[in-house]
Amino acid sequence: MIESFPLLALFASAFVSATLAPGGSEALLAWWVLQTPEAALPLWFSATLGNTLGAMTTWWLGWMLARGWSPQRLLARKVPEAALVKVRRYGLPVLLLSWLPLIGDGLCLAAGWLRLPWLPGLILIAVGKGVRYAALVWWLG
């Protein structure tokens, strides 16, 4: 059985990786899966949950920005125009790509800014991120 520290550390790493801060949750997940392959499922769940909640935090920041909160207090940056264009064009399904480096955070921020429904967005984000982590766990054997 896996101790709680790896699960909590992986959760925290995945959470931070899904916000506008850089992170390396994939490397941490890979290392722990290689060290404790019998714990692959709880490790996958921890990474997926942390990354999904981090993305929803970014969504919330976009929501707050759209309601007039000062960007200096929340982000100190604007919603990326390219992300707004993609989310406006493709709608909620584009959030399946929220796991992508560099553009995924912007997609979540734009979805919040555009006030898209949060529950379907949460589900699509979780599916995209869960599949990405599942592919990594599967690839590791």
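Just so you know, all these numbers are worked out from the coordinates, no wet-lab data involved. Remember, predicted model here, so these are calculated numbers, not experimental data. For neighbour counting, all protein chains shown are included, and Cβ atoms are generated from backbone atoms with ideal geometry for every residue, glycine included.
What residue among Gly50, Gly104, Gly91 has the largest mean-square fluctuation in a Gaussian network model of the chain, using Cα springs under 10 Å? Sorting by GNM fluctuation, first place goes to Gly91. Sorted from greatest to least, the principal axis extents spanned by the alpha carbons of the chain come out as 47, 30, 23 Å.
Electrostatic bookkeeping for Ile125 treats Lys and Arg as +1 and Asp and Glu as -1; over the other residues with beta carbon under 13 Å from its beta carbon, the sum is +1. Hydrophobic, long helices, defined as DSSP H runs whose alpha-carbon span along the helix axis is 20 Å or greater and whose mean Kyte-Doolittle value is at least -0.5, occur in the chain at 4-18, 40-66, 118-140. Mean separation of Cα pairs under 8 Å and 6 or more residues apart, divided by the residue count, gives the range 4-140 a relative contact order of 29 percent. Taking Cβ atoms as reference points and 15 Å as the exclusive limit, the residues near Arg115 contribute a net charge of +2, counting Lys and Arg as +1 and Asp and Glu as -1.
A Förster distance of 22 Å, applied to the separation of the beta-carbon atoms of Ser4 and Ala27, puts the FRET efficiency at 0.60.
Per DSSP H run of n ≥ 4, the term is -39500 (n - 2.57); total these for the chain, divide by its residue number, and report the mean residue ellipticity at 222 nm rounded to 500 deg cm²/dmol.
Values: 7 runs with 100 residues, N = 141.
Per the formula, -23000 deg cm²/dmol.
Classification of the range 89-141 by its C-alpha gyration tensor yields a prolate form. The axis ratio a/c (a ≥ b ≥ c) is 1.5 or more, and a/b outweighs b/c.
Restriction of the trypsin sites (Lys or Arg not before Pro) in the range 109-141 to DSSP coil positions whose beta-carbon has at most 16 other beta-carbons within 10 angstrom yields Arg115.
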